[in-house]
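The values are calculated or read from the model by the stated rules, or taken from the named source; none is laboratory data. It should be emphasised that the depicted structure is a prediction, and the values quoted were computed from it without experimental measurement. Cβ placement follows ideal geometry from the backbone for every residue including glycine, while neighbour counts extend to all protein chains displayed. Quick note on the areas: whole protein, heavy atoms, side chains included, nothing else; ligands and nucleic acids left out. Shrake-Rupley method; radii C 1.70, N 1.55, O 1.52, S 1.80 Å.
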Amino acid sequence: MFKPVICIFQAILFWISSCFALGSGAKKDTDRKALMQTAVSDFTFEKITAEEIKVSENEKKLCREWFDKNIRFAGSNGEKPAYNLTLGSKKLSANLDEWDFSAGEESEKGKYFKGGKTTYITAKSKKNDVSLKVEATIYEDNATCEWTVYVQNNGSGNSPVIKDFCGADMALEAEEAQLYVSHGSPSEADDFELYKTPVNFLPMIFTANSGRNCSFMPFFNICGKDNGYMLSVGWTGQWYTSIADTREGIEIKAKQQNFKTYLLPGEEVRTPLVALSFYEGGKALKGFNTLRNWEKDCVYPDSVEVLNGFVIANEFSTKTDKELIESINAINPDILKDVDYFWMDAGWYKYTEAWHDGVGNWVADPARFPDSLKPVSDAMAEKGKKFLLWFEPERVREDTFLYNEAMKHGTWIVADGNDLLWNLGDDDACRFLSDYIASAMVTNGVTAYRQDFNFDPLGYWKKADKEFYNGRKGICENHYVSNLYKYLDRLLAAVDGLFIDNCASGGRRLDIEMTKRSIPLWRSDYNCGNADGSLKDYVIEATQAMTYSLSFWQPYSGTNRYFHSEYASRSAILTNQSVYEPSPEEFNKYAAVSEYMAKNYYPIVYGGYDITKYLAMQFGDEAEGAAIIYKRESVETGEFLLTLNGLDPNKTYKLSNFDDPDENYILNGKELMENGIKLTISETPKAFIMMYSD
């Protein structure tokens, strides 16, 4: 265990960051200072074989036994549930005899439970008209379970005050635990950077920044000496997770951070969704790939796949419908065949001076699009392509359609400065907005939906608590976040085959609930150009580093390619990539590599965005895949020792240079993982790709 003084100082910093009203930037800096007391970012992982990476029968058994004991039959079996709340002055876990627990039958039905079996558990208070409902699903083939807790007031009067409403309040067994956690996306070159730290004996507190993820992502790998857990928290708001190594084990709490309120008659609220994956062997890469494979198998919508986009209009575009159609028809057929969707960003509606002052008017600008965007989307559909269109529905400006509509209702909008928040926490406002946006999508022929969100909502939620909800702490946020998911679900139901791009100034809304509905096609605003049109420092290397780090948690992500140089183009190879004016080889040349990136992930060498260091990573499975090695412009040596991971030690593999297939190597899996091969990379900078197959 590291020095107690450092642990105490770290815990104080985490506590300060979580308790005080710091601005998002100040909080991010404090959080980083806290984490860096004990954490490192440049480290290596143990080798793991193809057999070890698979979910074992014993891991499935461990998951089932834990799920049945701590979720499905908890309470009725005398065991404390893995969730908790305080009702009035009494904590659920300490007063189980005051609740009647009942578990329903397991069912394989459910929209978001692909490959899972769902049970609804109920618990009724014997002393109050309050009931709990737990929606719990186990995915046995993936050694993963998830649950969400709902509490409802069934009485005719207000309920007792509810607080400490935790989706997770549990202790897990793991000796000598190391915690892996990533930065969020504050639009900096080290967005999503992964850190490893021993788990402190005092709580390490991870929270969102004013309702979005700038400091941390709500995903955690708790890796013990012999076993580990992947913890995912689904809450697109001000989430809170604390982790500590105590005598009881690794103690974890996960909840909405700000919540303390009574419930009105008939009112219902919920916890964040909590997901837990189990793995043995004490190798962190087993946990990361267990999470990735569960997400691919069971979490992402069916519409999510490897996709390529062509950006036809950014937020500064002034093209008319005729000009857009002409540009679509003029695209080289060799490029067009590999395009899955056309992307039109902000500014397609009427605005005054800049694209953001017209949000709230979700009708195509009649001066440029007299017949809506339907002629443009029809031109895309004729070529078999989807139409992705940008919206920012939660932000409203004055003198727009949504603003004027909201003024007819007292609680539909929260005012605080120039950016007004559409109150999704109001059920009627949520239904109106979803109907309005769904209608706009149908009118304009939209088949892919891009949702952006460019300001912090927590202050608005707190203001609404005071102005609309009688000072009930956290009630607006709870209903808002719950209705956000309902809003997105209604859009998915309105358009067949719809896929949703999740953007919030980049990747500030990445969590497991949003993963059930969307992918991030634009994961970081660090890739945005500066006001003068220039790009940020080291943007190419930062793009490489973000792929390295985000791939631990999310198999699908995207960004844009700004340059047509080979090095820059290969730096943005992703499962979901978009381009302006691509060359014919932009997509099809690297299609196989993009497909591999949705399989298993194995980091090789981490160099951050440091141009003096190599960065390398491997994607694929035991049969085939690719390693991408980035030699940055100031790397001094041209020799690189490539060792692979996740292979069958007894199989023979062929490695070939992507640029020169005649340069190939034949080695067995054991040699490739233990000894590797020495490569000579003479060109600088260079993105060197090695393909492998058995």
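Some observations on this one:
- Among the residues of the stretch 433-482, the ones that are among the polar types (S, T, N, Q), buried (at least 18 other Cβ atoms within 10 Å of the Cβ) and either out of contact with any Lys or Arg (no Cβ under 9 Å at 6 or more places or on another chain) or not in a helix (DSSP H, G or I) (or both) come to 3 in all.
- Pro186 meets each of the listed conditions (1) assigned to a strand (DSSP E or B); (2) crowded, with 17+ Cβ neighbours inside 10 Å apart from (1).
- Any hit, the stretch 110-132, residues being touching a strand residue (DSSP E or B) at 6+ places or on another chain (Cβ under 8 Å), surrounded by fewer than 15 Cβ atoms within 10 Å (Cβ to Cβ), in contact (Cβ under 8 Å) with a residue 24 or more places away in the chain and on the phi > 0 side of the Ramachandran plot: yes
Results for (1) open to solvent by 20 Å² or more (accessible area, probe 1.4 Å); (2) assigned to a loop (DSSP other than H, G, I, E, B); (3) more than 24 Å from Leu273 (Cβ to Cβ), shown as yes or no for each residue.
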{"position": "Thr30", "(1), (2), (3)": "yes, no, yes"}
{"position": "Lys33", "(1), (2), (3)": "yes, no, yes"}
{"position": "Phe45", "(1), (2), (3)": "yes, yes, yes"}
{"position": "Leu62", "(1), (2), (3)": "yes, no, no"}
{"position": "Gly75", "(1), (2), (3)": "no, yes, no"}
{"position": "Thr86", "(1), (2), (3)": "no, no, no"}
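- Filtering the stretch 484-495 to residues that are more than 12 Å from Ile437 (Cα to Cα) and open to solvent by 10 Å² or more (accessible area, probe 1.4 Å) leaves Lys486, Asp489, Ala493.
Residue-wise test of (1) out of contact with any helix residue (DSSP H, G or I) (no Cβ under 9 Å at 6 or more places or on another chain); (2) farther than 27 Å from Asp525 by Cα; (3) touching a residue at least 12 places away in the same chain (Cβ under 8 Å).
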position	(1), (2), (3)
Val359	no, no, yes
Lys408	yes, yes, no
Val414	no, no, yes
Trp422	no, no, yes
Ala438	no, no, yes
Ala448	yes, no, yes
Phe453	yes, no, yes
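- Considering the conditions (1) in contact with a strand residue (DSSP E or B) (Cβ under 9 Å, 6 or more places away or on another chain); (2) among the hydrophobic types (A, V, I, L, M, F, W, C); (3) open to solvent by 10 Å² or more (accessible area, probe 1.4 Å), Ala354 is excluded by exactly one of them, (1).
- The stretch 189-211 - residue that is within 18 Å of Ser232 (Cα to Cα) and open to solvent by 10 Å² or more (accessible area, probe 1.4 Å) and, of those, farthest from the chain's Cα centre (by Cα): Pro203
- Hits in the stretch 273-298 (condition: open to solvent by less than 10 Å² (accessible area, probe 1.4 Å), part of a helix (DSSP H, G or I) and more than 15 Å from Glu57 (Cα to Cα)): Ala284, Leu285, Gly287, Phe288, Asn289, Leu291, Arg292, Trp294, Glu295, Cys298
- Boolean, Ser41 is surrounded by 14 or more Cβ atoms within 10 Å (Cβ to Cβ), in contact with a Lys or Arg (Cβ under 9 Å, 6 or more places away or on another chain) and closer than 27 Å to Asp164 by Cβ: no
- A single member of Asp428, Asp399 is open to solvent by 60 Å² or more (accessible area, probe 1.4 Å) and not in a loop (DSSP other than H, G, I, E, B), and it is Asp428.
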